[in-house]
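Engineer: Quick one: this structure, given as structure tokens, is what I'll be asking you about.
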């Protein structure tokens, strides 16, 4: 579905990504892990068109999209749940969801998508008339995911979805992520909680200082000595 081919990305004169390549197949959950500052969010921003490439290719269903503006990529079926949720805090839950359905395709299927989203996250239906800033952290994260789903994405990019959430809430959130895959949504997951990311995903890429250093089957990487020592705190 998605092919990122040797992309190089800079902030001004400072290069952040070097020849980053990765593949996401349909119906997979693929994790991208690494330490703070490794370039994980930059990779997602490059895929969505929020940052330009210095060089390299990005293909979606075989079509080159690296020169396509962000809103066109959303129309193709690529949507991101940003780190920190970025909700419209003084709008209601329903209004936030309405804002997620701004493409023509999404607007045409708004009512059907809304019922699907409410089925995934029943609390959002219950709180549909509440302002976003009155929700708990877990509820806000669910709303951020639901707003992204309103665009009917084929590929959902998720940037640190568990950040700042209590462990019990994280467990529930990850159950919902697995449910999304069962509903046909393909997911590229950036997550600092490495154990959770490895346990939920099919494959994992490790990004270090702007470079993919290794990758593999997630369950196998759970027992890889390099991962265990570097990210799981076990010697």
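The values are calculated or read from the model by the stated rules, or taken from the named source; none is laboratory data. Just so it is clear, the model here is predicted, and its values are computed rather than measured. In this analysis, Cβ positions are derived from the backbone assuming ideal geometry, glycine residues included, and neighbour counts consider all displayed protein chains.
Engineer: Within segment 202-235, take every residue that is over 20 Å from residue 36 (Cα atoms) and without any contact (Cβ under 8 Å) to a residue 24 or more places away in the chain and give me the one that is surrounded by the most Cβ atoms within 10 Å (Cβ to Cβ).
Structural biologist: 224
Matching residues to (1) free of Cβ contacts under 8 Å to residues at least 24 places away in the same chain; (2) out of contact with any helix residue (DSSP H, G or I) (no Cβ under 6 Å at 6 or more places or on another chain); (3) exposed (fewer than 13 other Cβ atoms within 10 Å of the Cβ):
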site: 16; (1), (2), (3): no, no, no
site: 24; (1), (2), (3): no, yes, no
site: 34; (1), (2), (3): no, no, no
site: 42; (1), (2), (3): no, yes, no
site: 52; (1), (2), (3): no, yes, yes
site: 55; (1), (2), (3): no, yes, yes
site: 59; (1), (2), (3): no, yes, no
site: 64; (1), (2), (3): yes, yes, yes
site: 75; (1), (2), (3): no, yes, no
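Condition check ((1) in a helix (DSSP H, G or I); (2) at pLDDT 95 or above; (3) loosely packed, with under 15 Cβ neighbours inside 10 Å; (4) in contact with a helix residue (DSSP H, G or I) (Cβ under 6 Å, 6 or more places away or on another chain)) across all residues:
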position	(1), (2), (3), (4)
117	yes, no, no, yes
133	yes, no, yes, no
141	yes, no, no, no
146	yes, no, no, yes
165	no, no, no, yes
168	yes, no, yes, no
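Engineer: Further, regarding this structure: Can you name the condition, by its number, that residue 50 falls short on among (1) closer than 13 Å to residue 157 by Cβ; (2) not in a loop (DSSP other than H, G, I, E, B)?
Structural biologist: Result: residue 50 fails condition (2) only.
Engineer: Among residues belonging to segment 180-193 that are within 15 Å of the chain's Cα centre (by Cα) and in a helix (DSSP H, G or I), point out the one that is farthest from residue 123 (Cα to Cα).
Structural biologist: Among residues in segment 180-193 that are within 15 Å of the chain's Cα centre (by Cα) and in a helix (DSSP H, G or I), the one farthest from residue 123 (Cα to Cα) is 181.
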